[in-house]
1. Pull up all non-local amide H partners of residue 164: gap of 5 or more, or a different chain, and H-to-H distance under 5 Å with H placed in the peptide plane.
2. Going 7 Å from the Cα of residue 169 in the Cα-to-Cβ direction, what parts of the stretch 181-215 have a backbone nitrogen less than 11 Å from that spot?
3. Assuming R0 = 30 Å, what is the FRET efficiency of residue 284 and residue 329, from their Cβ-Cβ distance, to the nearest 0.05?
4. Past 20 Å, Cα to Cα: identify those pairs from 21/155; 74/194; 288/336, in the order given.
5. Compute the FRET efficiency between residue 303 and residue 276 as 1/(1 + (r/R0)^6), taking r as their Cβ-Cβ distance and R0 = 35 Å, and round to the nearest 0.05.
6. Residue by residue through the stretch 195-208, what is 3J(HN,Hα) from phi via Karplus (6.51 cos²θ - 1.76 cosθ + 1.60, θ = phi - 60°)? Round to whole Hz and write x for glycine and proline.
7. Separation between the residue 293 and residue 254 pseudo-spin-labels, each 7 Å from Cα along Cα→Cβ, expressed in nm?
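Please treat every number below as a calculation from the coordinates, not as lab data. Remember, predicted model here, so these are calculated numbers, not experimental data. A quick note on method: Cβ atoms are made from the backbone with ideal geometry, for glycine too, and the neighbour counts reach across all protein chains shown.
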Amino acid sequence: RGSGGARVGLCLLCGLPAAGKSTLARALRRRLPQRPGWACALLAYDELIPPEAFRPRAPEAGPQEPSPLLPGWKQSRRELLQCLEGLVRALLTGAPLPGPAQPGWPRFLRCCRRQGLLPAAEGDAGAASRPLLLLLDDNFYYQSMRYEVYQLARKYSLGFCQIFLECPLECCLQRNRLRSDPVPEQTIQLMARKIEMPDLRKNTWEQHSLILSSSDCISEDEYQIMNLLATALENPERPNEEDLEQKEAARAICAASAVHQADQACRRVISEAMQDARGKNLLRSEMKSLAEELNKLKTEFLEDLRQGKTLKIRYSDPAISVISSFQHEATNVVNKYILK
């Protein structure tokens, strides 16, 4: 749960084209809002990734033209994941939806709006009160494709599960031929050779997975499916230790940088204060005492900054607050000597 109180789960529907993923998705969309009263939305990659992303890119300026960093479909998948992250962040925190940074953002927004997701993302209390399951309908034939979504779930502490539809290749090919816009058979055959099923024993991140033989009779598998979804929602993923260690390391680097910044600034303050004192014709012994007192003050201020004891912070940046406070205290110390 984020500060907005939303409970969100991601459910991946995986398998070959025409394995029955869309049929299962439609059945779940009808069933879930009735019992157990969850909100449910379907994000179908076929609708969200434009067809041209799968076509070879024509060379624009001859062989010298540098090739794109990623094929169109890979780039589109990456952009779609970024759109999904923007939606998730808005659902969890109530923060405004991000602007159209990705080319596919308007298409993604239209899909969300049709399914009533935008009120929940924009902080509507009623819309956000029910658990929300986002069904991601795609082939997800490589583990790496599924792992990218898992990483998103882990980053935001979302529920995560997978339903893999196992269907014989010949059955998929027959169903595909009946479609109004069939997938090239060569593509399905190639995918069948490369597809990587969830491995629950090898990959702990795939522990919340179901492998079903067919989606034609959801009633037969309904208990298993509902149990999987409930388990995923009740046991959201957690950031792993590596993530926490990286964040801690970043914080340490940031803190060290703040101390260094404050140290340099305090040195400048001391230098300027000593120059002012010289102009007041102080004795050499007084100049020595003043320097010692200012350096001791600097050491104390920097130690407080290291320990996070920056009291009376007047600025959002602790280093700036320390510098401001040090300047004030240093002026008081100097005045003791020159105004005696």
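1. When sequence neighbours closer than 5 places are left aside, the close amide H contacts are 14, 210, 211, 212.
2. Answer for the stretch 181-215: 186-195.
3. Computed FRET efficiency for residue 284 and residue 329: 0.80.
4. 21/155
5. Given R0 = 35 Å and the Cβ-Cβ separation, E is 0.85.
6. With coefficients 6.51, -1.76 and 1.60, one gets 4, 10, 6, x, 10, 5, 7, 7, 10, 5, 5, 9, 5, 8 Hz.
7. Calculated label separation equals 3.7 nm.
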